[in-house]
1. If you go through segment A:180-208 one residue at a time, how many are open to solvent by 60 Å² or more (accessible area, probe 1.4 Å) and in a helix (DSSP H, G or I)?
2. Return a yes/no flag: does segment A:48-60 have any residue that is away from chain B (no Cβ under 14 Å) and modelled with pLDDT of 90 or more.
3. Give segment B:88-101 a look and list any residue that's open to solvent by 10 Å² or more (accessible area, probe 1.4 Å) and either facing chain A (nearest Cβ under 8 Å) or touching a strand residue (DSSP E or B) at 6+ places or on another chain (Cβ under 9 Å) (or both), or say none.
4. Checking A:Asp35 against (1) out of contact with any strand residue (DSSP E or B) (no Cβ under 8 Å at 6 or more places or on another chain); (2) over 16 Å from A:Asp159 (Cβ atoms), which single condition isn't satisfied?
5. Residues that are closer than 25 Å to B:Leu11 by Cβ: find the strands (runs of 3 or more DSSP E) completely inside segment A:23-94 holding 1 or more of those.
6. Is it the case that some residue within segment B:19-29 is touching a helix residue (DSSP H, G or I) at 6+ places or on another chain (Cβ under 8 Å) and at pLDDT below 90?
7. Quickly run through segment A:11-37 and pick out the residues that are away from chain B (no Cβ under 12 Å) and surrounded by fewer than 19 Cβ atoms within 10 Å (Cβ to Cβ).
8. Taking interchain pairs and intrachain pairs at least six residues apart, which have beta carbon atoms under 8 angstrom, with the first residue in segment B:173-195 and closer than 24 Å to B:Ala226 by Cα and the second surrounded by fewer than 17 Cβ atoms within 10 Å (Cβ to Cβ)?
Amino acid sequence: MLPSSPPLLAFCALSFERNDRLLFERVEGAVHGGDILQVVGANGAGKTTLLRILATLLTPTQGELRWCGGLLPRARASYLAELAFLGHVPGLKPGLSPRENLRWLAGLFAQRDAIEEALAAVGLAKWFDTPCAQLSAGMQRRVALARLALTRARLWILDEPLTAIDRAGVAVVEQLFRSHLQSGGAIIFSSHQAVDLPGVKYLALTES
Amino acid sequence: MRSPNPEPEALPSLATGFAALLRRDLLLAWRRRGEAANPLWFFAMITALVPLAVGPEPALLARLAPGMVWILALLGTMLAADSLFREDYVDGALEQLVLSPQPLWVLVLARVTAHWLVTGVPITLASPLLAGWLALPAGGVPMLVAGLALGTLTFCLFAAVGGALTVALGAGNVLRPLLVLPLYVPVLIFGTAAVARALEGGDGSAPLALLGAITAVTLAIAPVAAAAALRVGIDG
């Protein structure tokens, strides 16, 4: 990576106010390829809000976002082509099986066509065709994480990816993170748990 | 040193995105076919009750039939429209639709097409039978079916705009029907007029053509409007 190249995602002076309550102000940061940024903060500090702003789902009260140097939302099209977002609800249809869920998502995003392999990698080999409604919260979370193994997105924004995941699952997620970072991708995620990866940077949200 | 972007992005085409979502929604409807058949049941049950309530004279029923069938088709499609974006909003799938590199209006169109295939098309296909229960003379049936095919599609498109505008407001909100009902009125007027003209022995194709024009304009505008409303709704 050239030192002069702009960060994948840079955000500066982000403030967010809702119902006359200032949730946070002047939050800033940047991720380059290979960077991993963990957003930490107490419950209600605005972690989910910040991640939704970074994913362009919410408009900040103040501040700006840049994708590869281009100002968002103008650069939105190229941004969305390289973004994988996992919200705090996993975005799966409860009536569909893990395989069917990953298939409809594959029609919307650039994905590798290795759904069964990805599901097996997160330990769901026996559950390809069980409706997601019958899977536990942790297993549903794993289905959503399996998508990350398929996506070609360079930036992952993940809201509490480790919620409801057991210890073996956390190791699987760390492995996913590691290979994404090694291939030049970047990760921004929120969690109360520490992940066992070198070079994690932290962004602490404190109530203002 | 790694090149910043090792391979060009292979984004799925518009048709792939449309087909993936259409397939998803039809599969979900099939999994819940009991629930998906509700609008049709509603349509059939009320139609069966009308002769009991107003009396079985064929002349009176035939007079009421076009309007009754149209109003029931309207209510039937509206009844099911609550889930149009609401479920996707609750389970987080809507975030994925909004963040997809596909244009959102294409995905809205896929969602509406699925909804129309599941609610509007069965109602249209069942309408000759139900019009028969209401003693509608056979001469009015072709105009009724043609009108309902266009009309139910238009209803679904309007419902998408209403559903998108009120997506964050919670289920069973009264604002949505209030928003879309005025839009339904011209469709209802031209749809029933086409049948009435045919029954009088005239040519119903003029009102039908106007109805078709409404459908065409709505088809062009509604998906874009609904997409814009969804982006605002998810910002809430």
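The values are calculated or read from the model by the stated rules, or taken from the named source; none is laboratory data. Keep in mind it's a predicted model, so treat the numbers as computed, not measured. Every residue, glycine among them, receives a Cβ derived from its backbone with ideal geometry; neighbour counts consider all protein chains shown. With ligands, DNA and RNA removed, areas are computed over all heavy atoms of the protein, side chains included. Shrake-Rupley method; radii C 1.70, N 1.55, O 1.52, S 1.80 Å.
1. Total meeting the criteria: 1.
2. Yes, there is a match, as at least one residue in segment A:48-60 is away from chain B (no Cβ under 14 Å) and modelled with pLDDT of 90 or more.
3. B:Val90, B:Asp91, B:Glu95, B:Pro101
4. In the conditions (1) out of contact with any strand residue (DSSP E or B) (no Cβ under 8 Å at 6 or more places or on another chain); (2) over 16 Å from A:Asp159 (Cβ atoms), A:Asp35 misses (1) alone.
5. In segment A:23-94, A:62-67, A:83-86 are the strands (runs of 3 or more DSSP E) which contain 1 or more residues that are closer than 25 Å to B:Leu11 by Cβ.
6. no
7. Result: A:Cys12, A:Ala13, A:Ser15, A:Glu17, A:Asp20, A:Arg21, A:Leu22, A:Glu25, A:Arg26, A:Glu28, A:Ala30.
8. If the second residue must be surrounded by fewer than 17 Cβ atoms within 10 Å (Cβ to Cβ), the pairs left are B:Leu175/B:Leu169; B:Arg176/B:Leu169; B:Leu188/B:Ile71.
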